Amino acid sequence: MYSVAIIGFGGMGKWHYRAITKQIEGLEVTGVYDIREEACEEARFYSLHVYESATDVFADLSIDIVIIATPNDSHKDLILRGLAADKHVVCEKPVVLNSADLLEIMEAEKNSKGLFTIHQNRRWDKDFRTVKSILDSNSIGRPYFIESRVNGSSVFLHGWRDYKINGGGMLFDWGVHLIDQGLLLIGEKVTSVTAHVFNVHAQEVDDNVKLLLGFESGLSVLLEIATNCFIPMPRWHLSGANGTAIIENWECEGKIVQLADDKALKWENDIVYTAAGPTRTMAPRPVNTTLEKALPQIKDALGDEYHHYSSANIFYNNLLEAISGKKSLYVTSSEALRVMQIIELAFQSAAENRGMTCSI
Ligand SMILES: NC(=O)c1ccc[n+]([C@@H]2O[C@H](COP(=O)([O-])OP(=O)(O)OC[C@H]3O[C@@H](n4cnc5c(N)ncnc54)[C@H](O)[C@@H]3O)[C@@H](O)[C@H]2O)c1
């Protein structure tokens, strides 16, 4: 049994506590450190040991794994101290706020007996796994454009997310997840980054982002994050040479429409009179030349219906296997480095109002 301490017992710290306690054999959360008394009170309520300082956590020889779930600006220092104490360190995303800091951490990783991983849990979201399954099964033919959106309407950013000094803003928040997913889907180098980064209501940080990633083969991925969108667009829209797929929401409502057969690629169309006047190119296709299919039914890693803690099974079981040397870590700092480099280019692209070429 490995003992776990959590630093930062807010929204996500408690998620880790519940997920591990509910379902991860081989891990036990024993202690918490938080700067807020209310959070410490809650930890005591769960019979957890409450540390006086982060130093005390790292000095505790009974602790094997430290989970860092504090605001983004505090991650770097805590990761470095955790690795220096030879703890296994799990840090929430975004790992840090720039690639230079991450490179420093990667150096520290080499000198530590502890492993280091980042909680990129959205790699195991149902909607993302559905997209992966559609692309892997070639259901829409060769993909050429992928759109991935999270369209919220909260308008305001909660707490520290509203402040630059804390590493707030949506690129560091949701951007990290969407970019990570995009890189996993395409498995090619990113060759261009073009971003529009807005602060529509937030004073200091980005609250709306449109980010276009160009990949080596010419395929592009459009990522959008909105916090003031009152008519949401679909979570995913996938364009392939022989079909289209839409995934409306996290519940994975949607469909695949594909060409009925090879002959359907070309059909004899005549000018059609639509409400917008005559058109041949945009004429509606005869229904019998396409097939409508249901989305693949995706279960979680244990073969169960998805629930709030599904991703924790695969994430923490992988950590346990990596600690015992049976597997390598699923989420590595070199993957996070690519995400970080893309975020840096996105900010630069927006500031200079131009697309950036790269090889990431
Ligand atoms: N992976 C995900 O899906 C996901 C979702 C939400 C948040 N997060 C990440 O989790 C982290 C925490 O976000 P949150 O939403 O839980 O924030 P939160 O504000 O709910 O919780 C943060 C907690 O950290 C405590 N804290 C602040 N500074 C500290 C310090 N120096 N030492 C110890 N405790 C400190 C606060 O008192 C608070 O209890 C962020 O990095 C965020 O990006 C990840």
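The values are calculated or read from the model by the stated rules, or taken from the named source; none is laboratory data. Please read all numbers here as calculations on a predicted model, not as lab measurements. When we count neighbours, we look across all protein chains shown, and the Cβ atoms used for this are built from the backbone with ideal geometry, even at glycine.
The table below lists the values:
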read-out	value
Which numbered condition Lys210 misses (of (1) without any contact (Cβ under 8 Å) to a residue 40 or more places away in the chain; (2) over 30 Å from Arg161 (Cα atoms))	(2)
Pair list, Cβ under 6 Å, 6 or more apart: region 73-92 residue within 13 Å of Gly167 (Cβ to Cβ), other residue more than 12 Å from the ligand (Cβ to nearest atom)	Lys76/Asp101
Among residues of region 247-275, those that are under 24 Å from the mean Cα position of the chain (by Cα), more than 28 Å from Val200 (Cα to Cα) and not in a loop (DSSP other than H, G, I, E, B), counted	3
Checking Val96 against (1) buried (at least 22 other Cβ atoms within 10 Å of the Cβ); (2) without any contact (Cβ under 8 Å) to a residue 60 or more places away in the chain; (3) within 13 Å of the ligand (Cβ to nearest atom), the condition it does not meet	(2)
Where Ser133 falls short, out of the listed (1) within 15 Å of the ligand (Cβ to nearest atom); (2) polar (S, T, N, Q); (3) surrounded by fewer than 19 Cβ atoms within 10 Å (Cβ to Cβ); (4) in contact (Cβ under 8 Å) with a residue 60 or more places away in the chain	(1)
Matching residues in region 1-23 - criterion: being more than 16 Å from the ligand (Cβ to nearest atom) and not small (Gly, Ala, Ser)	Met1, Tyr2, Thr21, Lys22, Gln23
Residue that is farthest from the ligand (Cβ to nearest atom) [pool: residues in region 71-82 that are farther than 16 Å from Met340 by Cα and out of contact with any strand residue (DSSP E or B) (no Cβ under 6 Å at 6 or more places or on another chain)]	Leu80
Exclusive hit being in contact (Cβ under 8 Å) with a residue 60 or more places away in the chain, within 26 Å of Leu211 (Cα to Cα) and assigned to a loop (DSSP other than H, G, I, E, B), set Val331, Val339	Val331
Residues being more than 15 Å from the ligand (Cβ to nearest atom) and either of a type outside the set (D, E, K, R) or in contact with a strand residue (DSSP E or B) (Cβ under 7 Å, 6 or more places away or on another chain) (or both) - total across region 99-115	10
Every residue from region 276-293 that is surrounded by 12 or more Cβ atoms within 10 Å (Cβ to Cβ) and more than 36 Å from the chain's Cα centre (by Cα)	Thr279, Ala283, Arg285, Pro286, Thr289
Selection count, region 151-189, where residues are among the aliphatic types (A, V, I, L, M), surrounded by fewer than 22 Cβ atoms within 10 Å (Cβ to Cβ) and modelled with pLDDT of 95 or more	5
